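Beneath this line is the structure, given in C-alpha cells, with notes to follow.
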Amino acid sequence: MEQIPRWNLDSIYSSLEGEDFEADMKALKTLTEQLKTHISGCQDLRDFNAWFKTTLDLMQTTWDTIDTLGAYAHALLTVDTSDEKAMHGLNKVDEIALDVKAVYVKVLNAFATHKESVRNLINNDESLKRYAFVIEELLEEQRHQMSEAEEALAADLNRSGTDSWSRLQQAVSSSSETIWDEETQERKTVIQLRSMAFDPDRNVREKAFNKELSIWKLHETAFAYALNGVKGTTITLDKKRGYKDPLERSVKQARITDTVLEALIGSIESYLPMFRRYLKAKAKLMGLPKLAFFDLFAPVGLTHQKYSFDAAKEFIIENFSAFHLPLGEFAKMAFEKQWIDAESRVGKVGGAYCTSMPLRKETRVLCNFDHSFDSVSTIAHELGHAYHDKVTSELPALLRNYPMTLAETASIFSQFIIFQGALKHANTDERLSLIEGFLQDSTQVCVDILSRFYFEKDVFEKRVHGDIMADELSRMMVDAQKRSYGDALEETQLHPYMWAVKSHYYSSGLSYYNYPYAFGQLFGLGVYQLSQDYDDFGARYDQLLHTTGMYSAPEVTAKIGCDITTEEFWKKSLDLINTYVDEFCQLCDYKE
C-alpha cells in the first residue's frame with residue numbers, strides 16, 4: 001500500500017524544545033524590547049530618517065520571527081489536535097504576541113504623531129517610495145485604534161476569548177466521531193463522513209450526511225455559544241474602533257472598496273440562473289427531480305481516475321512546467337523536500353491550507369489526500385499559494401502582506417492549469433466528469449460562498465440584539481442556502497449546520513472570510529484569460545504576484561488591465577464558466 005507523505009519540518013526547527021526554537025523565542029523577546037525602547041524615544045528625534053528606517057527594520061524582523069514561530073507550532077497542532085506540547089508551544093508564542101501587539105500599537109501612534117515627516121520621507125527617499133501605500137494604510141489603521149491600554153486588554157482577552165472559541169470549534173470538529181456500522185462497530189470521524197460526499201453511491205452519501213448532521217446536532221449548543229462569543233466580541237471591538245460594522249473593516253482588510261464588493265456580489269447574483277441550470281442538468285443526469293445537498297459533490301460520468309500520490313505529483317509538475325517553468329520547478333522542489341503533509345489521519349484537521357515560515361523563506365502545505373482528482377486539484381491550489389509566497393519571499397514583511405482577496409489569485413490560477421491539463425487528454429465521458437468537477441468547485445466558490453456571505457451578514461445584524469440560539473442559526477443558514485441555490489436544490493435536504501462546519505466563521509480577526517474566495521476564483525479566471533494575449537505572460541504573472549502586497553487590490557489588478565470596480569470584468573470570468581455549463585448541459589442532453 002502506498003505511503004502518503006507527511007511533511008518534514010526539520011529545516012524550520014528541530015522541535016518545540018529544541019535550542020533553535022528557544023533561541024528564536026529569546027530573539028523575539030529581545031526584538032520586542034528593542035522596538036519598545038526605540039519607540040519610546042520618538043518625542044526627541046535628532047535624525048528622523050534613521051529613526052524611521054530602524055523602526056521599519058525592527059518591526060518587520062519582529063513580524064517575521066513571530067510568524068515563523070507561530071506557524072511552526074500551529075503546523076504541529078493541526079496534524080494532531082491532541083498534541084499538548086504543540087498547544088503549549090502555541091500558547092507561549094501567543095503570550096509574546098501580546099507584547100508585540102502592544103508595541104505595534106505604539107509604533108502606529110508614533111507614526112501618526114510624525115505623519116507629515118513620515119510622508120515627506122516616503123515621498124523623497126527612493127528606498128522607501130515602495131512603502132507609500134502600506135504606510136498610508138498603517139496611518140488609516142491607527143485612526144481606528146483604541147487607546148494603548150484598551151488595545152492591550154483586547155489582545156489579552158482574545159487569548160482566552162475568541163481564540164479559545166476558535167480552537168474549540170477546530171478541536172471538536174476534527175475529533176468528533178460516530179458509529180458507522182452497527183454490526184462491526186466501525187467508527188468514522190466527521191471529517192471522514194464529509195469526505196464521503198464524493199462517494200458514487202447515493203445511499204452512502206445520504207447515510208454519511210445524516211450521520212454528520214447528528215454529530216453537529218449533538219454539539220450544536222457548544223458551537224452556538226462559540227459563534228456568539230466570536231461575533232459578539234467582533235461587533236463590540238469594531239464599534240469601539242470606529243467602524244460602522246464588521247463589513248466595513250473586512251472591506252478595508254481586503255484592500256477593496258464598497259464599489260468593488262458590490263460589483264462582485266452583483267455579478268454573481270445576476271449569474272445565479274446559470275449555476276442553477278448546471279445543478280438541474282446534474283439532477284437530470286442522475287435521474288433525480290432535484291439534487292439534495294449531499295448530491296452536490298456526487299461524481300458523474302466516468303468515475304474519476306484514482307491517482308497515486310506519485311502520479312498526482314508528476315501530473316502537477318508536468319502541467320505547471322508546461323505553463324510556466326518556474327512554477328513547475330517550485331512544485332518539484334516542494335515535493336522533493338517534503339513540504340506537503342497529505343496523509344489523512346485521526347486528530348488531523350480537515351480541509352487544506354498553506355502556511356509560510358518567513359525566517360526560513362519556506363512554506364508548508366497541509367491537505368487530506370484521497371486519490372481523487374479533487375485531491376490533486378487541492379494540492380495544486382495550495383502549491384499556488386506557496387508559489388505566491390516564494391515570489392514575494394525576498395520582500396520585507398510589510399510588502400509581503402497581501403490581502404485575502406489577492407491571496408486566492410495564484411491558488412485558483414494553479415487549479416485551473418491542472419483542470420486544463422486534464423481536459424487535453426480526456427475522452428467524452430472523462431470530459432463530462434472533469435467539467436462537472438470544475439463546475440462543482442465554481443458553484444461552491446460562487447453560489448455557496450454567496451450563501452455564507454448572506455448568512456454572516458444576517459448573523460452580525462441579529463447578534464447586535466443578543467445571543468442567537470442554535471436552532472435559529474440553523475434556520476438562518478437554510479434561508480441563506482435557499483436564497484443562493486434557489487429551486488435547484490431540494491428545500492427539505494439542505495445543510496442547516498454549515499455554520500458549525502466552517503472554521504472561517506470563528507475568527508474575530510477576519511470577518512467575512514467568504515467573498516475573497518469568489519474574488520480569487522473570478523479574478524484568477526480573468527488572469528488566465530489574459531494569459532492567452534501575451535507571449536511573456538509568465539514574467540507578467542510573477543510581477544503581478546510580486547506587487548500584491550504593495551498596493552490596493554484595484555491598483556494591483558489595474559496594472560494588468562483589469563477594472564474590478566465594474567460588473568463587466570467579473571462577468572467575463574462568469575462567461576467563461578458559462579461555456580462549461582453549456583457544454584455540460586449538451587453532454588447531459590439537458591434543455592430548460
Roughly how big is the chain's charge dipole about its Cα centre, with Cβ charges of +1 (Lys, Arg) and -1 (Asp, Glu), in debye to the nearest 20?
-> 780 debye
Under the Karplus curve 6.51 cos²θ - 1.76 cosθ + 1.60, θ = phi - 60°, whole-Hz ³J(HN,Hα) for the stretch 222-227, x wherever Gly or Pro sits = 4, 5, 5, 5, 4, 5
Counting only DSSP beta bridges with both partners in the chain, the antiparallel fraction in percent, to the nearest 5, comes to 75 percent
What is the chain's relative contact order, in percent, from Cα pairs under 8 angstrom and six or more apart in sequence?
-> 20 percent
Extreme residue, positive dipole direction of the stretch 19-160, given options Asn109, Leu121, Trp51 (C-beta unit charges) | Leu121
Given all pairs of distinct Cα atoms, the stretch 141-237 yields a Kirkwood Rh in Å of 16.0 Å
Highest-first arrangement of 368-375, 344-351, 445-452, where packing means the average Cβ count within 10 Å | 445-452, 368-375, 344-351
Using per-residue counts of other Cβ atoms within 10 Å, averaged over each peptide, order 56-63, 95-102, 79-86 from highest down.
-> 56-63, 95-102, 79-86
Could you give the radius of gyration (one decimal) and Dmax (whole number) of the Cα atoms in the stretch 19-160, in Å?
-> 16.8, 53
Here the relative contact order (percent) of the stretch 100-169, from C-alpha pairs under 8 Å and at least 6 apart, is 39 percent
Once you treat every alpha carbon in the stretch 207-316 as an equal point and sum by Debye, what is log10 I(q)/I(0) at q = 0.13, 0.20, 0.21 Å⁻¹?
-> -1.02, -1.03, -1.04
Neighbouring Cβ atoms within 10 Å as the yardstick, rank Trp165, Trp180 fewest first.
-> Trp180, Trp165
The distance between the Cα centres of the stretch 540-565 and the stretch 1-64, in whole Å, is 29 Å
Expressed as a whole-number percentage, the relative contact order of the stretch 1-133 with C-alpha contacts under 8 angstrom and at least six residues apart is 25 percent
Under a 5 Å amide H to amide H cut-off, with H placed in plane at 1.01 Å, what residues pair with Trp180 once short-range neighbours are removed?
-> Glu186, Arg187, Lys188
Rounded to whole Hz and in sequence order, give me ³J(HN,Hα) for the stretch 307-322 from the Karplus expression 6.51 cos²θ - 1.76 cosθ + 1.60, θ = phi - 60°, writing x for Gly and Pro.
-> 9, 6, 5, 4, 5, 4, 4, 5, 5, 5, 4, 4, 6, 4, 5, 5
By count of other Cβ within 10 Å, fewest leading, how are Leu128, Leu279 ordered?
-> Leu128, Leu279
C-alpha center-to-center spacing [the stretch 409-454, the stretch 235-313] in angstrom = 11 Å
5 angstrom amide H check on Ile340, placed H, neighbours 5+ away = Asn8, Val365
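Coordinate-derived values only; no laboratory data. Computed from a prediction, not measured in an experiment: that's the story for all the values here. In this analysis, Cβ positions are derived from the backbone assuming ideal geometry, glycine residues included, and neighbour counts consider all displayed protein chains.
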